[in-house]
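> Can you read through this structure? Questions will come right after.
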């Protein structure tokens, strides 16, 4: 299963609200909310496609200003040319 | 407590994300787990990202000869550990199932496998035959802003110094040429004075024709972060289409295509009329010039243009601006006069640091060089230039549009380090470094990109080698150039690529190529930062990198002595560095780049330069000089404010073709989609190009969302699905179509008119009609 580490940027006022909404999504874990409004998230899914769908969905959550990808590991996906 | 590999990986993901924020996970067990995961059989190496011109740092994790993980490089100053969503696909672009792995040679309508020796013998034979029969200008090479620095350098050296033709061009002509002319005519030296640090330091950011949120997401995040920290920050988006950038901006200013020329002059007009300009700065650092007007559009073959700059006084410049009242510009552009005044006040506000940012809306323009000049005019009038946080900054689209195409000079008229073939001293210097007779380098440019493909169509060019780009999808007026390539009569096309494309189908020989970290290389990004990456994995099958291909070809053509290298990447760079020394473009030794996360030139005594032309930052400016545009010797080291008028586009909507067509990119796909199209996730997310149109226009034509329409220009037509609910919203009278889709060749509709100064075509404006299909 691929795993990625994500940083969401939000305004300080809505960071906790966004974090609580993000935490309800299957495959998404909130690891921290920083005082400046950034949220540290770990995403895992069965496929990269599902993972990308989850991350793209984060873009569309109200209050999220940007989504940055810090880490992506897909070592246990059997190699199959796409 | 037992920790699984999965726990390790999740801890590693979280730790990497925390690291980008300058904080660390509180649970030390997790930190140790992260470290353990990173060390579990994965070897990490640094590289710049393969996609756009931002130049983000990536750490590439390799296990058992394959890439198994990537992370944003926390040590990379550009992106500080974060990549955009395209980071998910960095490895996938190498592993598509239809990767080219063997050379292919055309036998009738079929491409058959061949050995490298057969393929290279055939290429050499055809090129030699053409040169013997028709001269060296009958062969050429068309490369790319994705070439590495050594690849671009080898191509220039071989074609100009070996074969003896200036028939070398690059796809950067289609995206950056107007920016180059803007820099050269205003400052006497290509590339910006500022850098990405301005995104963190400025107060007002004025975007011209740039959808940064989708096309430069990491840089846009830096802007957003700045705004979060500093409520004073304001983002103003000047555009002809409402995008994700417009949504995030504080102000969206829509304007009629082509009227940026009038708007920028009107902004200057307000600054002058209200005496908001910085007179001291102007007296010290600026001269005024005017060039030719009514300069044409390059629509006819062999169109020639030479500007005729004439000096003018500040008072004459003021007179020139007189007609550009806010009312006049408002009438042309649709931007309210009061908004133009407000923007002029923003630019001139002494309490605010102002940056302008732009990309293809400005450059891909039949007056693109002029628009670049006009943006600089506003910064020069207000003296907001060269200092941290207040600069004009042209953003780029390819990883080495700057580093290779522009700095090495892979264009017909150029030589390395801003030199040109028309200057005898430049040819002399080049020949000395190359160890050849200066007479070998022809003193006249031949064809820029559009003219090169016209020459192929006419048969003036017979043999053309394409590397690292896809012109038979990306050229405007594409029908003509696709047909021209297959006219026979001695025409011979070689295409080096990693996948089959709409260009390989035009080829007589296809060469399988290594990509990204399958080879060693260097690129240069939009802020003058030169990066290095090592080879980390093997290319598939028999694929060989472009540099090897060029040197092998040179050897077979009898030009082997020009490439006497044992370690070509390193030795070429060390040779190339000689062009830059003492020219304000100094580079560090090769070894330095293998260790650092890029350095911004000029690099003097191991130290990079964040801001050019300014004392305290740029070592070329002496103490007490303040600001000095030291590359502009002809104007006594002053920058030039240019009088450049508004002139209309060559083709405007009319009764028969009532809509403007603008082409461009979408988040999911990069350029012609040859890499991103191989990623199943992206293909599913955005499978084909759509016709984005304004809902009111659709209603008037009786068109509903998802209807099929035929979009036609005077040059071609394509059937597309209408999208009224996409993330971009076209303004009334405009449509937008992305150019990534190889099955919907929208560029067949585009006009091949270009900016006479830069040769860059306009992909953003032509007239089309829409009918229900």
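Yes/no per residue for (1) over 19 Å from residue B:222 (Cα atoms); (2) touching a helix residue (DSSP H, G or I) at 6+ places or on another chain (Cβ under 6 Å); (3) at the interface with chain B (Cβ under 10 Å from one of its Cβ atoms); (4) crowded, with 21+ Cβ neighbours inside 10 Å:
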position: A:22; (1), (2), (3), (4): yes, no, no, yes
position: A:29; (1), (2), (3), (4): yes, no, yes, no
position: A:38; (1), (2), (3), (4): no, no, yes, yes
position: A:45; (1), (2), (3), (4): yes, yes, no, no
position: A:57; (1), (2), (3), (4): yes, no, no, no
position: A:62; (1), (2), (3), (4): yes, no, no, no
position: A:67; (1), (2), (3), (4): no, yes, yes, yes
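> Right, next: Here is a list: B:172, B:213, B:155, B:179. Which entry is in contact (Cβ under 8 Å) with a residue 24 or more places away in the chain, more than 16 Å from the chain's Cα centre (by Cα) and under 19 Å from residue B:52 (Cα atoms)?
Only one candidate passes the filter, namely B:213.
> Moving on. Is it true that some residue in the range B:292-309 is under 26 Å from the mean Cα position of the chain (by Cα), closer than 28 Å to residue B:636 by Cα and without any contact (Cβ under 8 Å) to a residue 40 or more places away in the chain?
yes
> Taking strands (runs of 3 or more DSSP E) that fall entirely within the range B:65-138, which contain at least 2 residues that are away from chain A (no Cβ under 14 Å) and either surrounded by 19 or more Cβ atoms within 10 Å (Cβ to Cβ) or more than 27 Å from the chain's Cα centre (by Cα) (or both)?
Once the strands (runs of 3 or more DSSP E) in the range B:65-138 are filtered for at least 2 residues that are away from chain A (no Cβ under 14 Å) and either surrounded by 19 or more Cβ atoms within 10 Å (Cβ to Cβ) or more than 27 Å from the chain's Cα centre (by Cα) (or both), what remains is B:104-107, B:110-113.
> Output yes when any residue across the range B:391-414 is over 16 Å from the mean Cα position of the chain (by Cα) and more than 28 Å from residue B:48 (Cβ to Cβ), and no when none is.
So far as the range B:391-414 goes, no, none of its residues is over 16 Å from the mean Cα position of the chain (by Cα) and more than 28 Å from residue B:48 (Cβ to Cβ).
> Is it the case that some residue within the range B:717-727 is buried (at least 24 other Cβ atoms within 10 Å of the Cβ), at negative phi and touching a residue at least 40 places away in the same chain (Cβ under 8 Å)?
no
> Restricting the range B:40-64 to residues that are over 27 Å from the mean Cα position of the chain (by Cα) and not in a loop (DSSP other than H, G, I, E, B), which is surrounded by the fewest Cβ atoms within 10 Å (Cβ to Cβ)?
B:43
> Something else: From the set of residues in the range B:231-248 that are within 12 Å of chain A (Cβ to nearest Cβ) and surrounded by fewer than 21 Cβ atoms within 10 Å (Cβ to Cβ), which is nearest to the chain's Cα centre (by Cα)?
B:244
> Output yes when any residue across the range B:252-268 is surrounded by fewer than 21 Cβ atoms within 10 Å (Cβ to Cβ), under 22 Å from residue B:355 (Cβ atoms), within 14 Å of another protein chain (Cβ to nearest Cβ) and within 28 Å of the chain's Cα centre (by Cα), and no when none is.
No.
> Further question: Residues of the range B:331-355 being free of Cβ contacts under 8 Å to residues at least 40 places away in the same chain and assigned to a helix (DSSP H, G or I), which ones?
B:331, B:337, B:338, B:342
> Now for a separate question. In contact with a helix residue (DSSP H, G or I) (Cβ under 9 Å, 6 or more places away or on another chain), at pLDDT 80 or above and part of a helix (DSSP H, G or I): does that describe residue B:37?
no
> Give the number of residues within the range B:715-743 that are under 25 Å from residue B:503 (Cα atoms) and under 28 Å from the mean Cα position of the chain (by Cα).
Of the residues in that region, 13 qualify.
> Tally the residues that are more than 9 Å from every other protein chain (Cβ to nearest Cβ) and touching a strand residue (DSSP E or B) at 6+ places or on another chain (Cβ under 9 Å), restricting the search to the range A:1-13.
So the answer is 1.
> Check the range B:612-621 and report whether any residue there is touching a helix residue (DSSP H, G or I) at 6+ places or on another chain (Cβ under 8 Å), within 30 Å of residue B:74 (Cα to Cα) and buried (at least 18 other Cβ atoms within 10 Å of the Cβ).
Yes.
The values are calculated or read from the model by the stated rules, or taken from the named source; none is laboratory data. Remember, it's a predicted structure, so these values are computed and weren't measured experimentally. Virtual Cβ from ideal backbone geometry, glycine too; neighbours counted across all protein chains shown.
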